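What follows is one structure encoded as structure tokens, with my remarks underneath.
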Ligand code: FAD
């Protein structure tokens, strides 16, 4: 196996929260290696909604998810993090001297004084609808995320689902697509009220067609090119919607994957932490962001940012034992390379 690479902190997950942890660790003179299963940084922001604006990042009235990741990348760059992308962390085990050994699917071995798990929802993947022959269409005319809105220009798009993603994308793609059809098994949508109101307005204007209460029943087409989506009511009444694309938004399948086997104290697919320190049940292992839970946890990027700061302060004594850590503001300390 490959030689061990030594570092202060190994961060598992390069989503927004893992990225900000690099900054917080850097400010406390702790070097980081960061591992992510995806081949890009940014986690859910990059993989699921790069072009969607986020409205609750302090200081940014609105920022597209991809831009937030770009800014975080800029903010962490002075601390020269070492990235290991496109590889999943498969094992976490105790190493000599109270250190931890992180091993990846690509055989990378990282020996660290502390580990921060910022693994989001784990190895995440979309919930796929159970339709015959689905595989041949996936990636060609069935997509679980929208990378570029313009790919849908002039297309007849069927959107399935009743949550935020379905409603938001119906509203957004209605501006470019030839036709939007929303398939949902009931008339009520579980999404932000303003977004639902917008969807109703677009329906009245004839830009969106509501196909309720229907469920997906089948796909029609050849060689991955869709011509129609078959839908059915619970009573079995079927019809075919002429369409070029199907976007099923049935949420993410939570799969902690190997993380479930590391001996951490879990609660319903999340890692239980002590909120003030982000400590897990294992010494030297901290968890932050969507994967971490405690009473009252809000799954928001901004909570994750605060947890990143807490985890860095908690890891400090493991990385710099015996040193007294005085709390300082970033303005006092300055960031390496930042303008004076
Ligand atoms: P993630 O972004 O999930 O990143 C975790 C990373 O860890 C992933 O890249 C994954 O590949 C990696 N990983 C997991 N397991 C392993 C492993 N074993 N080995 C290697 N890598 C691993 N939040 C807001 O605050 N405001 C919003 O407006 C908002 N809008 C949203 C809209 C949508 C459509 C969605 C889906 C989410 C939205 N969120 C929003 C939620 C927000 O995106 C998450 O809270 C945030 O991404 C959590 O960040 P994270 O870094 O904890 O995890």
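General observations
- Residue match in the range 272-281 (condition: within 15 Å of the ligand (Cβ to nearest atom), surrounded by fewer than 18 Cβ atoms within 10 Å (Cβ to Cβ) and outside any loop (DSSP other than H, G, I, E, B)): no
- Meets criteria (loosely packed, with under 15 Cβ neighbours inside 10 Å and assigned to a helix (DSSP H, G or I)) for residue 315: no
Per-residue answers, yes or no, for (1) at positive phi; (2) at pLDDT 95 or above; (3) under 21 Å from the mean Cα position of the chain (by Cα); (4) assigned to a strand (DSSP E or B):
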| site | (1), (2), (3), (4) |
| --- | --- |
| 221 | yes, yes, no, yes |
| 228 | no, yes, no, yes |
| 231 | no, yes, no, yes |
| 239 | no, yes, no, yes |
| 247 | no, yes, yes, yes |
| 258 | no, no, yes, no |
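- Tally, over the range 236-255, of residues that are surrounded by 19 or more Cβ atoms within 10 Å (Cβ to Cβ) and within 12 Å of the ligand (Cβ to nearest atom): 1
- Tabulated pairs, the range 288-310, first more than 16 Å from residue 272 (Cα to Cα), second more than 11 Å from the ligand (Cβ to nearest atom) and in a helix (DSSP H, G or I), C-beta under 6 angstrom, 6+ apart or interchain: 309/24
- With respect to being within 14 Å of the ligand (Cβ to nearest atom) and closer than 20 Å to residue 23 by Cα, residue 327 falls outside the description.
- Filter result (within 14 Å of the ligand (Cβ to nearest atom) and closer than 15 Å to residue 264 by Cβ) within the range 101-119: 102, 115, 116, 117, 118, 119
- Of all residues in the range 6-42 being near the ligand (Cβ under 6 Å from one of its atoms) and modelled with pLDDT under 95, the one that is nearest to residue 144 (Cα to Cα): 38
- Every residue from the range 46-86 that is within 9 Å of the ligand (Cβ to nearest atom), more than 26 Å from residue 29 (Cβ to Cβ) and part of a strand (DSSP E or B): 53, 54, 57
The values are calculated or read from the model by the stated rules, or taken from the named source; none is laboratory data. In this text the structure is predicted, and so the values were computed from the model without any measurement. Don't worry about glycine lacking a Cβ; one is built from the backbone with ideal geometry, like all the others, and counts go over all protein chains shown.
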